[in-house]
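For reference, the structure is listed below as structure tokens.
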Amino acid sequence: MKSIGLKSAPPLKRLLWPSIILVALVTQIPFILTIYYSFLDWNLMRPDKGAKFVWFANFKAIFMGSEFYTVLGNTFILTACTLLLCLVFGLCLALLMNRDFLGKGLLRTIFVAPFFVMPAVAGIVWKTAILNPNFGITAYFAGVFGQDAVDWLGSYPLQTIIALVSWQWIPFFMLIILAGLQSVPKDAMEACMIDGASTFQRFIYVVIPHLLRYIEVAVLLGLLFIMQTFGEIYVTTSGGPGYASTNLPFYVYRVGFKGWDIGGASAIGVVIVIITLILLKYLFKFLRRTFRGELS
């Protein structure tokens, strides 16, 4: 009777092939088609011209246009400021939620609720109920204090989008950092207390080093999702006035679905992927060097 050994079991690589093929079908084939379209001069408003290869003409037109650099700057400002606000307020709220007090569960639910609101719904609520200069909450309080109502979306469009996106993503940072706070080794904290370390010293030398890996995860995931901000801009400012609040994803929409320029929109999409990969690469290296003391 032959014994069944490990060699009879299917190799691990063979088991991975179905998932690899599925991921390739879902992600890589659309991206390859996007690269293909980026080399075409194809405008749906001109069906008589059809689609023809122009190679890198679409990319040249993008980098020669002044609005691209405005949109690129808006994207960097929106992403950087939102990440910073989410990190600071997420840490503060996580520290608050890491202690016991009456009504903790209710308050935690209130803090987490914005994360589960759809971006378009959040944008509509902010635009109509909160920031409307005629009947919004801000207009009401401005009247109470004898001040003129401010048209936030018209006067400060990008700053308003930053506040709105931060309001939605602060709970995400809070939950990740709170998970890190609740896993701080108790023996390390007790050892610091025995050595006479103050609360601030325990926070700086024990809590913060332990939270670094959680902060790294929150920042990297936040970068991926915040750079894709679209719904909030679509329902509030529509990228305006002009290009004042347009980021790269919304720029693709303006070129592709308002200008019907399939080739130009695809080229912008390829540029977005390249910029995102570069940012992730150098941000990851920066976080490793800063948080873990690694030099490479």
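The values are calculated or read from the model by the stated rules, or taken from the named source; none is laboratory data. Note that the structure is predicted; figures quoted are calculated from it, not measured. Neighbour counts are summed over all protein chains in view; Cβ atoms, including those assigned to glycine, are modelled from backbone coordinates with ideal geometry. The protein model used for the area step is the full one, side chains on, heavy atoms only, and it has no ligands, DNA or RNA in it. Shrake-Rupley method; radii C 1.70, N 1.55, O 1.52, S 1.80 Å.
In order along segment 159-166, the Karplus-derived 3J(HN,Hα) couplings, from 6.51 cos²θ - 1.76 cosθ + 1.60 at θ = phi - 60°, round to 5, 5, 5, 4, 5, 5, 5, 4 Hz, and Gly and Pro are given as x.
Using a 1.4 angstrom probe on heavy atoms only, work out the carbon and sulfur share of the accessible area of the chain in %.
Working: 12720 of 18180 Å².
Reported share for carbon and sulfur atoms: 70 percent.
If you take the alpha carbon atoms of segment 167-296 and fit the smallest convex hull around them, that volume is 130 Å³ per residue. Backbone phi angles across segment 179-191, fed through the Karplus curve with coefficients 6.51, -1.76 and 1.60 (θ = phi - 60°), yield HN-Hα couplings of 4, x, 5, 6, 10, 5, x, 5, 5, 5, 5, 5, 5 Hz in residue order; Gly and Pro are listed as x.
Placing pseudo-labels 7 Å out from each Cα toward the beta carbon at LEU96 and TYR69 gives an inter-label distance of 4.2 nm.
Based on protein heavy atoms only, segment 66-291 ends up with 53 Å² per residue of surface accessible to a 1.4 Å probe. The shape of segment 36-89 comes out prolate: with a ≥ b ≥ c from the C-alpha gyration tensor, a/c is at least 1.5 and a/b beats b/c.
So, how do all the Cα-to-Cα distances of the chain break down into 5 Å bins, in percent, from 0 on up? Answer for the chain: a P(r) of 1, 5, 8, 11, 12, 13, 12, 11, 9, 7, 5, 3, 2, 1, 1, 0, 0, 0, 0 percent. Taking amide hydrogens as placed 1.01 Å from N in the peptide plane, the amide H of LEU40 sits under 5 Å from those of VAL54, each at least 5 positions away in sequence or on another chain.
At 1.4 Å probe size, put LYS49, LYS186, LYS60 in order of accessible surface, largest to smallest. Please report the intermediate quantities before stating the final value.
Details: LYS49 105, LYS186 160, LYS60 135 Å².
My answer, sorted largest first, is LYS186, LYS60, LYS49.
Charge dipole (Cα centre; +1 on Lys/Arg Cβ, -1 on Asp/Glu Cβ; no other charges) of the chain amounts to roughly 1160 debye.
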